[in-house]
1. In segment 192-243, how many residues are surrounded by 20 or more Cβ atoms within 10 Å (Cβ to Cβ) and acidic (Asp, Glu)?
2. Taking segment 60-92 only, how many residues are more than 22 Å from ARG4 (Cβ to Cβ), surrounded by 15 or more Cβ atoms within 10 Å (Cβ to Cβ) and in contact (Cβ under 8 Å) with a residue 40 or more places away in the chain?
3. For segment 51-94, name all the residues that are outside any helix (DSSP H, G or I) and touching a Leu at 6+ places or on another chain (Cβ under 9 Å).
4. Taking segment 31-59 as the search range and keeping residues that are at pLDDT 95 or above and basic (Lys, Arg), which one is nearest to the chain's Cα centre (by Cα)?
5. Would segment 27-43 turn up any residue that is under 17 Å from ILE104 (Cα atoms), touching a residue at least 40 places away in the same chain (Cβ under 8 Å), of a type outside the set (Lys, Arg) and out of contact with any helix residue (DSSP H, G or I) (no Cβ under 6 Å at 6 or more places or on another chain)?
6. Return yes when GLY162 is touching a residue at least 40 places away in the same chain (Cβ under 8 Å) and outside the structural domain of PHE214 (by TED's automatic domain parsing) and no when it is not.
7. Out of curiosity, is VAL128 assigned by TED's automatic domain parsing to the domain that holds ASP49 and either outside any helix (DSSP H, G or I) or crowded, with 24+ Cβ neighbours inside 10 Å (or both)?
8. For segment 188-215, enumerate the residues that are hydrophobic (A, V, I, L, M, F, W, C) and out of contact with any His (no Cβ under 7 Å at 6 or more places or on another chain).
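The values are calculated or read from the model by the stated rules, or taken from the named source; none is laboratory data. Computed from a predicted model, the values in this text were never measured in an experiment. With ideal geometry, Cβ positions are generated from the backbone for all residues, glycine too; neighbour counts draw on all protein chains shown.
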Amino acid sequence: MGKRHEVIGIKQVIRLEWMQQTVNLLLSGMDVKGIRQELHEFLSNRNGDGSEKERGETSRSQVVNILMNIWITPSVELIEFRNDLLLLVQESHGKHLPIHWSMITAAYPFWFNVAQQTGRLLALQSQVTQAQIISRIKELYGDRQTVSRYARSVIRSFVTWGVLKDSGKKGCYEKNTLTNVEGFNLAILMYESALHSIPEAKGAMTLLSNSPSFFPFQLPVITGDFISQHSNRIDVIRYGLDDELLELNN
């Protein structure tokens, strides 16, 4: 298990437009120091609830550090993956939600695990409560106050990203309209994002294709053979009668 899998990390709500601003700065050619300074300025009066008022230095620094860890200075093993996602950002004409989801999933597996528990609950019921999600997350990470607090930040991020919506009851959410994932290259990178989030870096194709962590998305149907032909970072291993194992090779 790598450091990414041990860190909870999501201390603040992360809004989708902040992710996009970070990518825009990176694609502009600005250096790391300059991007960090620009993000501090950008977030000086932007809050997780969407309000525009002065933000405290500690809160702002936490968000900037998270954004930097996701897109600007990710773990070494994520650099090639990040670069491939950046190419899709330039080609996708504004449909960036699944791209940002993939990168934050790989950089912060805690996000992946909260999404997985949320998706599992939504597969059983039309609404899900914050308490239900947090209860399941505590089974994975332990009954710590930080786990509850950080999980709430992820759940509220889901709402601001539009993948969950508030119901009429406080702390209760419904699934929003699915986002159609267009393009097989993006679908492969989403599979890879899940593999980066799993400590063993491998998983059965059938389980990954139906992963509840992808609850906001409608992915195209692809085969293990197709993935093996179009990805140089994923090995496809056949086992049993009709299943395949996907495994990162880096």
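1. Looking only at that region, the number is 1.
2. Qualifying residue count for the region: 1.
3. Those that are outside any helix (DSSP H, G or I) and touching a Leu at 6+ places or on another chain (Cβ under 9 Å): ARG55, SER92.
4. The qualifying residue nearest to the chain's Cα centre (by Cα) is ARG36.
5. No; the residues of segment 27-43 include none that is under 17 Å from ILE104 (Cα atoms), touching a residue at least 40 places away in the same chain (Cβ under 8 Å), of a type outside the set (Lys, Arg) and out of contact with any helix residue (DSSP H, G or I) (no Cβ under 6 Å at 6 or more places or on another chain).
6. Values: touching a residue at least 40 places away in the same chain (Cβ under 8 Å): yes; outside the structural domain of PHE214 (by TED's automatic domain parsing): yes.
The answer is yes for GLY162.
7. For VAL128, the condition - assigned by TED's automatic domain parsing to the domain that holds ASP49 and either outside any helix (DSSP H, G or I) or crowded, with 24+ Cβ neighbours inside 10 Å (or both) - is met.
8. Correct list: LEU189, MET190, ALA194, LEU195, ILE198, ALA201, ALA204, MET205, LEU207, LEU208, PHE214, PHE215.
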